[in-house]
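Data block below; observations after.
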Amino acid sequence: MKHLLHNPAYKMACDQFDAVAQFLNIPENMRERVKAPKRMVTVSIPVRLDSGEVKVFEGHRVQHHLTLGPTKGGLRYHQSVELGEVAALAMWMSWKCALADLPYGGAKGGVAIDPHKFSMGELERITRRYTSEMIPFIGPQTDVMAPDMGTNEQTMAWMMDTYSHQIGHAVPSIVTGKPVSIGGSLGRKEATGRGVAFLANRASDMLKLPDDSRVIVQGFGNVGSYAATGMAKFGAKIVGVSDVSGGIYNPKGFDFQALEDHVARTGSVKGFSGGEKMSNEELLIQPCEILIPAAMDRVITDKNAGKIQCRILAEGANGPTTVEADAILRQRPEIFVIPDILCNSGGVIVSYFEWVQDLQSFFWAETEIFDKLYRILGRTLDTVLKESRKHNIDHRTAALSLGIQKVVNGKAIRGLFP
Ligand code: GLU
């Protein structure tokens, strides 16, 4: 898919894949089969705005591979969405699902809008029209969507309703991350952030860092806020947070309850008086034990990878560290990287639990969900560390190679038909 390579995220995903393919010695004739997205669907979404004007938006869905089950992944609303970026995110979902042993291929969807600029009614019409355009390509055994950046439980409820109308009865298993009242899973909303906190805490124990470690979280959306809450519960000190409006830093640690109250009241960390104002770029390079990028991709680059001052880099976002930054981090063995496809996999793991519960119409208690989630995360972290030690490779290469190898094996044993 050379025409997508102009997109920096897609190029990054391909560069990562090529390096791992080399390391794993994947046969040449298998490489393109495993790397190239299987299906890419682009639709135009005509929507009547509140003003009466009709606007046409662009929406995408990329299903990366169909070898191991239905495809799975979020739907993103962000102004930077384009096909190449969605394809990169779909590829990362594939390795993430395979690494956690979920019976899915990766997928991702996106609509190129800034969701903050639209009313609820407009967002509902955009979501419903996107869903109807996608109906031929999705289904509980084909492709299952979930929230991602800019979308949430409400978005999933509209999607489920639109799809169910077409089918003629309620089909909760068409999406995950929906409200519990219509077949969502307990714990799904918090799962990604709590998973990040669980893994960061586990790494912190391994490195024998103090319980009151300093934590910086970039991005205070669904992932970042639950990750920060989780870390605060483990006794850590949250010293820095940010969102699109900028960052706040206080080396002594915030009054976390006051910060949570401020965000609940105003919807942003902006204006919180418990620390010094700081840009997102500056915040990333402040001293801390645990740094959690939980916003956009490609924020740790060759410009700042030499300057970050953490002991643990816990990647809550998808693709936060560029290939060039990785080369620098490899020269900094004091930094323990928890790579994105492991670190933020709590979300899709509980999505899998939600899908299974929906298919069986049999729902689990929250304790059961988190017990199972932490068991999978703990086991996967151990496997990645073992692989890394065995081959003397960095954690990301270890995680990617475990995921990619699983997809290669699936394709090889199923064979090529016709
Ligand atoms: N959007 C989330 C991710 O990037 C969750 C995907 C899902 O639950 O299917 O992992």
Selected residue [outside any helix (DSSP H, G or I) and closer than 30 Å to residue 183 by Cβ] from 363, 370, 417: 363
Could you grab me the full set of residues in the range 336-390 that are among the charged types (D, E, K, R) and within 19 Å of residue 99 (Cα to Cα)? 340, 354, 371, 372, 375, 379, 382, 386, 387, 389, 390
Give just the number: which of (1) more than 23 Å from residue 194 (Cβ to Cβ); (2) surrounded by fewer than 19 Cβ atoms within 10 Å (Cβ to Cβ) does residue 268 not satisfy? (1)
Give the range 267-316 a look and list any residue that's out of contact with any Cys (no Cβ under 9 Å at 6 or more places or on another chain), within 27 Å of residue 8 (Cβ to Cβ) and small (Gly, Ala, Ser), or say none. 279, 294, 295, 305, 306
Among strands (runs of 3 or more DSSP E) lying entirely in the range 229-288, which contain 2 or more residues that are in contact with a Lys or Arg (Cβ under 6 Å, 6 or more places away or on another chain) and under 21 Å from residue 313 (Cβ atoms)? 237-243
Do you know which of the residues in the range 345-363 that are open to solvent by 10 Å² or more (accessible area, probe 1.4 Å) and closer than 16 Å to residue 106 by Cβ is nearest to the ligand (Cβ to nearest atom)? 348
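Yes or no, residue by residue, for (1) over 24 Å from residue 143 (Cβ atoms); (2) among the aromatic types (Phe, Trp, Tyr):
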| site | (1), (2) |
| --- | --- |
| 334 | yes, no |
| 341 | no, no |
| 350 | no, no |
| 369 | no, no |
| 389 | yes, no |
| 407 | no, no |
| 410 | no, no |
| 417 | no, yes |
What are the residue pairs meeting all of these: first residue in the range 358-373, first residue free of Cβ contacts under 8 Å to residues at least 24 places away in the same chain, second residue open to solvent by less than 90 Å² (accessible area, probe 1.4 Å), Cβ atoms under 8 Å, and 6 or more apart or on different chains? 372/353
Mind listing whichever residues of the range 1-55 are open to solvent by 20 Å² or more (accessible area, probe 1.4 Å) and of a type in the set (Phe, Trp, Tyr)? 23
Residues in the range 277-285: is at least one away from the ligand (no atom under 16 Å from the Cβ), among the charged types (D, E, K, R) and touching a helix residue (DSSP H, G or I) at 6+ places or on another chain (Cβ under 6 Å)? no
Output the residue which, of all residues in the range 289-319 that are part of a strand (DSSP E or B) and under 22 Å from the mean Cα position of the chain (by Cα), is nearest to residue 213 (Cα to Cα). 290
Tell me which residues, restricted to the range 184-203, are of a type in the set (A, V, I, L, M, F, W, C) and open to solvent by 10 Å² or more (accessible area, probe 1.4 Å). 186, 198
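The values are calculated or read from the model by the stated rules, or taken from the named source; none is laboratory data. Note that the structure is a prediction, hence the values are computed from the model and not measured. Glycine also receives a Cβ, built like all others from the backbone with ideal geometry; neighbour counts cover every protein chain displayed. For the accessible areas, the whole protein counts, side chains as well, though only heavy atoms, and no ligand, DNA or RNA atoms are used. Shrake-Rupley method; radii C 1.70, N 1.55, O 1.52, S 1.80 Å.
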